[in-house]
Amino acid sequence: GDKSDDPLKDKSPTKIITSPLAKVVISNNKYIINALSLGAPAALAASWVNMSAGCEPLARRLEDAGASRALLTRRLESGKACSTYYCVGKDLDSNFKKISSSGYTSKLTKCKGYIAEADVNTCGKDKCYLDAGAYYSAYVEEKQIIKGGFVEGAGDIAGGLIALCISLLLLGGGLLGLCKILKFLFMGTARRVIIKATKLNDYVAMLVGVVITVIVQSSSVTTATLTPLCGVGVLPLAKMLPLTLGANIGTTATALIAALSSFTHGAVHIALCHLFFNIIGILIWFPVPLIRKVPLDAARLLGLYASHFRFVPALYILAAFVVMPGIFLGVSAIFDASIGGGVVVMLFLLALLCIFLFWWIRLGGCYKVLSKEAREEGQRALEEADREIVEEQACPPEASM
């Protein structure tokens, strides 16, 4: 049949179920969001206007540079302001039309017949409008993004915060429930099946991670499902690493499929960058056992601190995804402004890092945060848990009966 008759076109089964429920809480005008991401069109000065079409004449250039520029914005009561025009790209123009079809027809004036630039096709493939700036301000910047749901009346900022809090609560509750269910299921027969699967070669396990992620179309789902298995003692940490790395490769499949469907240079370029970024990272950190120990030991250390201090996971997320990127962006901005200033700031930060590492490692600062006895006890507990998993792999319960 005709594709237009397909009710599932561009919709996943999950979206069909969740979309009506999400709209009860919040419904956004995605076309306004798209237009905001594209940015406002730039105003360009017209070189000649058609007076016979009712255009306002261009203001004469002022001889005195310090004189008032009020003449530049003067308008005739019955004329159009043709002193400026806007080149609007195809994507932004499409969003203009979808935001308000009536406003698109009545509020946007095409340049043809009013200014000379329309006759010489200055905008190229873009569309030329006289009042796209005013339209963008009225229908994009000043219009409310939230168009439905019970948070609509709270406005964009308050409504967005309420919806964010609800979504985080639902996400946290869902993950908590998932952990409880997995713990219940994998304590029985299913646990022994997973234990047998851990005997796979690391590279085969990585391939399993790729396949699982390609199927579910989300590396977050894969890692969120496997991580609790480490916590309940079903999956050893050393086997979790290749599965996670495989998930990182598998998640690039979504971008590759989307890029190949549109088959534009930019889309394919970004998708391949995503793929090779993950592949190169794996080639750096995984094949050599000595280098592979770095992320594994870091994970064990973070888990040790998290077992004693509950705030450590939140602190890690804040430091790794907010503070450090902010510092790098700040240093990059300083380099753009002044190379000398950037070098000084970078050397200062490196000096601070060296001082911290010297205190942490050589002066025993790490033992002031967590005692040596507590570290050794945590290490013994981890080794004992790993030993139990290995023993169950070598001698499953069925064989011992």
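Annotations for the structure displayed:
- Simple label model, 7 Å out from Cα along Cβ direction - I327 to K112, nm: 5.8
- E376/E142 FRET efficiency (R0 51 Å; Cβ-Cβ; nearest 0.05): 0.25
- Inter-site label distance for T254 and A337 at 7 Å from Cα along Cβ, in nm: 3.7
- Per the Kirkwood formula applied to alpha carbons, region 240-302 shows a radius of gyration over Rh ratio, Rg over Rh, of 1.12.
- Segment T105-L296, length gained on full extension (0.36 nm per residue, minus Cα span): 62.7 nm
- Dimensionless Rg ratio for region 207-359, taking C-alpha atoms and the 2.2 N^0.38 Å reference: 1.28
- Under the convention that each Lys and Arg Cβ holds +1 and each Asp and Glu Cβ holds -1, the size of the dipole of region 85-152 around its Cα centre is about 260 debye.
- Taking label positions 7 Å along the Cα-Cβ direction at both S218 and S167, the computed distance is 1.2 nm, reported to one decimal.
- Surface per residue (accessible, 1.4 Å probe) for region 227-322, Å²: 58
- Sorting 311-319, 28-36 by average packing, meaning the other beta carbons within 10 Å per residue, from highest down gives 28-36, 311-319.
- Whole-number accessible area per residue in Å² for region 84-183, which is evaluated in the context of all protein chains at 1.4 Å: 59
The values are calculated or read from the model by the stated rules, or taken from the named source; none is laboratory data. In this text the structure is predicted, and so the values were computed from the model without any measurement. Cβ sites come from the backbone with ideal geometry, for glycine too, and all protein chains shown count toward neighbours. Surface accessibility is based on the protein's heavy atoms, side chains included, excluding ligands, DNA and RNA. Shrake-Rupley method; radii C 1.70, N 1.55, O 1.52, S 1.80 Å.
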